[in-house]
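S.K.: Take this structure first; my questions come after.
The values are calculated or read from the model by the stated rules, or taken from the named source; none is laboratory data. Everything quoted here is computed from the prediction, not taken from an experiment. Methodologically, a virtual Cβ is constructed for each residue, glycine included, from the backbone with ideal geometry; neighbour enumeration extends over all protein chains shown. Calculation scope for accessible area: heavy atoms of the full protein, side chains included, ligands and nucleic acids excluded. Shrake-Rupley method; radii C 1.70, N 1.55, O 1.52, S 1.80 Å.
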Amino acid sequence: MRVPLLASLGCLLLAGVASAPAEANTTKGRKVSDKSTPHKENNDVSSTGDDKGGGKKPTTEKTTRIGPADFKIEHGVWAVEKTTHPYGPFEYIHPRKDAIVVSPLTTIAVREGSNVDVKSFKAMATSAAADAAGSQGVFRVTGSKSGDVTKRGELRLAADGKTVIFRPHKHFIPGEKVKVQVKSGLRVMVENTTADVLARYEEKGYQDGFKWSFTITNKGSTPLGQVTASGALIPINKDTKGSGTPKARRQLARHTDTGTDADHQHHQLKGAASTQYNDSEEKQGDTPNRKYRTLPGEFPRWHVTLSKEAKAADAEEADTDGEPLYWFCNTQFVKPYIQIMTRQGDLVWWHRLKDGEEGVDLRVQPNGNLNYLRGHEQWPGHMDPTREGVELDDHYREVATRRAGHGYFQDDHHMTVFEDGRYLTCIYDRGLNDGKTVGAVVQELDKHDNVIFEWRTWDAFSHEVSDPAVDTGINKYSVNNCEYSPDGNILVSLKTANQLLLLSRKTGQVLWRLGGKDGDFKFLNDTDAEVPFRLQHKAHQLSNGNVLMWDNWDLDAPGGRNYSRAVEYELDLTSMTATKVWEYDHKKTLFADCCGGPQRLDNGHTVIAGGGKVSDPEPLPIMMEVDTQGKLVRQMHGHHLRAYRGKLDKWRGKSVQPPRLLACTDAAGGGKKTLHVSYNGVTGIKHWQIHAAKSAEDLADVSAGDPDDDDDEGRKEGVVVYQLDRKAFEDIVELEEMLAKAEAGLDTEDTVYLRAVPIDKHGDAMHPSKILKVDMSAAHLPCGCFEFDVGAPKSAGDLLEASVMSYTTSSSSSSDDDDDDDNTNTSAIQFQELRRSISGQILEDIPKQTDTDDLVDMAFVEACRARCEKHDKCGFFTFYEKSGLCLVRIEGAEKRSKPETVSGPKFCY
């Protein structure tokens, strides 16, 4: 499902409602009594707004904060609002009554709370479409400039079966006041019958319908483009980068409060980390192993430190075939990779994004797939017109992209995708008012991209500009996380307000605030009782109601504290107090003024992403694991590498691509030939079987065989099998030694054909690798020069040459006699150059080559490299294994993950 930019309707430590592993707590929660105070329902739904436009700012707190006196307590820890229908007959309306700076691309929604009667709704929607004035429909929508927009509008029932949405046929006009009337006719299911919504609440007096109004922003633009006086939208070209240089735009964001965490990380300096470890810890080597050849050489490395206890626990998990946890993260601002790692730090899966792109918030979703937020690094995180959520299935195939609704740019902080196709995200509202203030928005959209929930700081708080002389954006409510609490409400983290909000998922009202200068809770035992945490990240509720977060802290705050920490609070909703029950401060040696976050595991351990610094060159730990006693048992440090977030979770990865098998001479030293085999992203491999033969035909159809049984039915005559245990992302074995142990009987001075077959723990064969042709007499097989499965698009303006390679066979005689026995056949690689346009586009079909379809021949790779060497401007080449296509490209041409390709530089030594 691709969500169009204009049609959208609107490594992370996450513990959501359906996320695994489940959050647990090591501290017993206190018992809370179920006491509450009476609340008077507000039935005033009339509009008091004016028609002066959307630039006016509210000067007082909005009425959507109901406060602790207005909720009851369930099960001791969960707040449940007493007022179930704060908007007349509805539990939810959008936009809110008297809302300001509303997007011109907004839809209008109401939800009573019960399931809508589908039969009557379909009849109503049909009659509304047929009626010229729209008077038979449930909505009447009139703009002060647009006029009556009901006529051609679309009435929708969201996938939840409860939310009714009106979508105007055109965008609203900047500055206009919009009046909404919901009339009789909307029926909901009540027990075994149906009832008219307005009739159910007739004592409130809705004979003329339920009415309210809101005001569209008076600024004539949205994040998606310019809105004209007629309500038409002139969209932003997705490839348009905006005015000014990327450097200038980033500097503007970094020197104002509008810069996101990603913006701050862009100018973090490179450097190495120095950390003290316990005596019981044993330092491990860098990973991934630098001898790996199936991984690009540019791939970032990290250093892993495991305690003896962690190593023993990992070994026990492996011996019992326990389902492991994997670490999901990204490598922002160094090289554009997203990756999955084992808990021990070895690589499982890597994916290279396009040059200039970045991926954030990679993690397993409640629907079982992966999702990450992809955008371009030249844009500040909340101003990127290309940003979108990308969903990958268990084969790492892109199955959907998603964006926020109502015309907002997708942000780079958070997106969760649920089993029923809903997705929750938090975003910024920038430039919809006077350009000086940035609003925060939380949205939930259904599987059809209808916005079924929206909460905005514009509706909840005043947006006073603290310094009128500042003409850049003020991000008073920087939102960096929003996720469901275990009881189904939404916890929102407002970083620059040093505050957490619990929103009612039903009504959007604020149930309580934790922290900040106007929070509802008194902190009993923390260092700064007024504002004990600052600039926090990844705040979320555990299953017992406690709140866990990464408290980044602010060095400019009073009190002299200069370190970040993970901290957990127990909330008492009766006394409205917060008690610190756990913290980890890494001996007060770490400070991260952006990013990071904690995750509680089932065994009581806490995993923490360290985040990053703005001014210090030393990177912070990518991952720390702390036991229940506060002892550091596991840590990963990156070399020139920082991860915004990370998440430990279970995962079973598969692939539509074959494993990668290579023979190299530049990994072991001394010119020894080593065999390298890996299967990017695939979990559950127990063994590798290497099948060897004298011809490719003998390996055309291989299956699992018994290496010790010469008569095994799983292999053909003339094929020998060598088996090795799968121990790491890439397993390496010396080729000559392997063939000798397998008693191959193959001439090691001749050409050998090899194929790798992964075997799972049940002994079943998985997808085999391509056949690898190895010239055993070749002295130089420099795999380290090349990047496997990294390439570039086939057609682009940076092409210098495009050719298709194939073998040609010629016959020659060693004498003047016409004796056929003296004739020899020789093979040579020929190039068929393809015609290209002036812009570099290939103008003819690429011939299909059978020579290379299921065969990896490094002679072709070397020939393509030599072709690149002949061009003065060549920066690198890309060879396509299936078609034999050789592309010669200029320096700086774009690269990205491209299966079954090989790329490399002009010279290889």
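S.K.: Can you work out the Karplus-derived ³J(HN,Hα) for every residue in segment 475-480? Use 6.51 cos²θ - 1.76 cosθ + 1.60 with θ = phi - 60°, whole Hz, and x for glycine or proline.
M.R.: Karplus values, whole Hz, x for Gly and Pro: 9, 6, 10, 5, 8, 10.
S.K.: Right, next: D775 to T808: extension gain in nm, 0.36 nm per residue of separation minus the Cα-Cα distance?
M.R.: Stretched out fully, the D775 to T808 stretch lengthens by 10.1 nm.
S.K.: Further question: Let me know the shape class of segment 328-650, please: from the alpha-carbon gyration tensor, a ≥ b ≥ c as square roots of the eigenvalues, rounded when a/c is under 1.5, otherwise prolate if a/b is greater than b/c, or oblate.
M.R.: Values: a/c = 1.30, a/b = 1.04, b/c = 1.25.
It comes out rounded by the Cα gyration axes.
S.K.: Okay, moving on. Which of the three applies to segment 594-696, rounded, prolate or oblate, going by the alpha-carbon gyration tensor with a ≥ b ≥ c and a/c under 1.5 meaning rounded?
M.R.: On the way: a/c = 2.80, a/b = 1.87, b/c = 1.50.
It is prolate, given that a/c is not under 1.5 and a/b is the larger ratio.
S.K.: Would you please give the residues with an amide H less than 5 Å from that of A592, counting only those at least 5 places away or on a separate chain, with H modeled from the backbone geometry?
M.R.: S564
S.K.: Separate question: For segment 308-427, just say rounded, prolate or oblate: build the C-alpha gyration tensor, square-root its eigenvalues into a ≥ b ≥ c, call rounded for a/c under 1.5, and beyond that prolate if a/b exceeds b/c, oblate if not. Intermediate values should be presented prior to the final figure.
M.R.: Details: a/c = 2.61, a/b = 1.73, b/c = 1.50.
Prolate is the answer for segment 308-427, as a/c is 1.5 or above and a/b outweighs b/c.
S.K.: Step through the residues of segment 490-505 one at a time and calculate ³J(HN,Hα) from phi using the Karplus curve (6.51 cos²θ - 1.76 cosθ + 1.60, θ = phi - 60°), rounding each to whole Hz and writing x for Gly and Pro.
M.R.: Values, residue by residue: 10, 9, 10, 9, 9, 4, 6, 8, 6, 8, 10, 10, 9, 9, 6, 5 Hz.
S.K.: Take K741, K673 and sort them by solvent-accessible surface of the protein heavy atoms, 1.4 Å probe, largest at the top.
M.R.: Working: K741 130, K673 15 Å².
Putting K741, K673 in descending order of accessible area: K741, K673.
S.K.: For R301, list long-range residues whose amide hydrogen, built 1.01 Å from N in the peptide plane, is under 5 Å from its own amide hydrogen.
M.R.: HN-HN under 5 Å from R301: H639.
S.K.: What residues qualify as long-range amide H neighbours of K522, i.e. H under 5 Å apart, gap of 5 or more or another chain, H built at 1.01 Å from N?
M.R.: So K522 has HN proximity to T577, A578.
S.K.: For the pairs K354/K476; K308/K761; K145/K219; K82/K538; K354/K882; K613/K650, note any where the Cα-Cα span goes beyond 24 Å.
M.R.: K354/K476; K308/K761; K82/K538; K613/K650
S.K.: Sticking with this structure for a sec: At R0 = 41 Å, how high is the FRET efficiency between Q207 and E419 if r is their beta carbon distance? Nearest 0.05 is fine. Don't skip to the answer; put the middle values down first.
M.R.: Numbers: r = 42 Å, r/R0 = 1.02.
Approximately 0.45, to the nearest 0.05.
S.K.: Further question: Per residue of segment 173-185, in order, report the coupling 6.51 cos²θ - 1.76 cosθ + 1.60 (Karplus, θ = phi - 60°) as ³J(HN,Hα) in whole Hz, putting x for Gly and Pro.
M.R.: 9, x, x, 7, 9, 10, 9, 10, 10, 9, 9, 5, x
S.K.: A follow-up question, please. Evaluate E = 1/(1 + (r/R0)^6) for I890 and Q723, where r is the Cβ-Cβ distance and R0 equals 56 Å; express this FRET efficiency to the nearest 0.05.
M.R.: That gives a FRET efficiency of 0.80.
S.K.: Rank these by accessible area, largest first, 1.4 Å probe: H676, H871, H169. Don't jump to the answer; show the numbers that get you there.
M.R.: Values: H676 0, H871 50, H169 75 Å².
Ranking H676, H871, H169 by accessible area, largest first, yields H169, H871, H676.
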